[in-house]
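Accompanying notes for the structure given below.
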Amino acid sequence: MLHVDLHVHTIYSGDSLITPKILVDALHANSFLKTVAITDHNTLEGYRYVSKLATAYEDILVLPGIEAATPRGEIIIIGTEERPPRPATPEELVEFAEQRNAVTIIPHPYRAPSGLGDYAKHLRPTAIEVYNPTAMPILNRIALRLAKEMNLPQIAASDAHHIKDLGAAYTKIDAAQNMDEILKAIKNGKVQPVQNPKT
Ligand SMILES: [Zn+2]
């Protein structure tokens, strides 16, 4: 089982303190978390720096991702190095990802103001983030209900903006440490959300 943090921000997000070097050093030092998706706000620049630094370590895998804003709320796309169009509607982002074999995750669906809320029900995302430590417990519970109602795979992720939060929640994925395998496993629901691993 692979342990993957699918939602991590670097300084290129503008609201995170995590530099590429701090992140790669932390992954190197971490014994169980070696795979992350960089999901900066509307940019893949941080991903490019992190993945470049990570090439020095055979056991670290960095997935390209983005947390893209739409007028309705945010959508995470993982699995393509291409930047989605902006502005874009949620529907356009889901289609953009599908065309590239990437996955879409609805992050913190009920956290204001950037969650898509019930609008997610109009979309066909790959998965729902059912646990995000930055969202209130009640909002995470409603997110879990949404995933069950939509019958979609459940993701947990840290949404880390400080390095101490890396891996504060993560997803167990039944896949080899390889991007195509990981994307396929998410699509097939071979995932298990893990909350509060340290407690
Ligand atoms: Zn985020």
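The values are calculated or read from the model by the stated rules, or taken from the named source; none is laboratory data. What you see is a predicted model; the values in this text were computed from it and never measured. Neighbour counts are summed over all protein chains in view; Cβ atoms, including those assigned to glycine, are modelled from backbone coordinates with ideal geometry. To get the accessible areas, we keep the full protein, side chains included, count just its heavy atoms, and leave off ligands, DNA and RNA. Shrake-Rupley method; radii C 1.70, N 1.55, O 1.52, S 1.80 Å.
How large is the charge dipole for segment 121-199, taken about the Cα centre, if only the Cβ atoms of Lys, Arg (+1) and Asp, Glu (-1) carry charge, to the nearest 20 debye?
Here the size comes out at about 240 debye.
Accessible surface of segment 37-182, 1.4 Å probe: 48 percent of it comes from carbon and sulfur atoms.
Kindly list the residues of segment 92-107 that lie in the label zone of residue 69, defined by a backbone N under 20 Å from the point 7 Å along the Cα-to-C-beta vector. Residues 92-94, 105-107 fall inside that zone.
Charge dipole of the chain (Cα centre as origin; +1 on each Lys and Arg Cβ, -1 on each Asp and Glu Cβ, all else neutral): 420 debye, rounded to the nearest 20.
Amide hydrogen proximity for residue 129: with H placed 1.01 Å from N in the peptide plane, the residues at 5 or more positions away or on another chain lying under 5 Å are 106, 108, 155.
Among the lysines, select those whose C-alpha is under 16 Å from the C-alpha of residue 52, and discard any that sit fewer than 8 residues away in the same chain. Excluding near neighbours in sequence, the set is 21, 34. Computed from backbone phi, the HN-Hα couplings of segment 152-162 come to 10, x, 10, 10, 10, 8, 7, 6, 5, 10, 10 Hz, rounded to whole numbers (Karplus: 6.51 cos²θ - 1.76 cosθ + 1.60, θ = phi - 60°; Gly and Pro given as x).
Ignoring ligands, DNA and RNA, how do 31, 13 rank by accessible area with a 1.4 Å probe, largest first? Write down the numbers at each step before the final one.
Working: 31 110, 13 20 Å².
Result of the area sort, largest leading: 31, 13.
Around the amide H of residue 37, modelled in the peptide plane, lie the amide H atoms of 5, 6, 7, 8, 63, all under 5 Å away and 5 or more residues distant in sequence or on another chain. Distance between the modelled labels on residue 118 and residue 177, one decimal in nanometres: 4.4 nm (7 Å Cα→Cβ projection). Straightening the chain between residue 187 and residue 22 buys 56.4 nm, computed as 0.36 nm per residue apart minus the Cα-Cα spacing.
Placing dummy labels 7 Å off each Cα toward the beta-carbon, the span from residue 86 to residue 100 is 1.3 nm. Relative contact order for the chain: 21 percent, from Cα pairs under 8 Å spaced at least 6 residues apart, divided by residue count. Counting Lys +1, Arg +1, Asp -1, Glu -1, what net charge surrounds residue 68 among other residues with beta carbon under 9 Å of its beta carbon? Result for the neighbourhood of residue 68: 0. Estimated from helices alone, the mean residue ellipticity of the chain at 222 nm is -8000 deg cm²/dmol (sum of -39500 (n - 2.57) over DSSP H runs with n ≥ 4, per residue).
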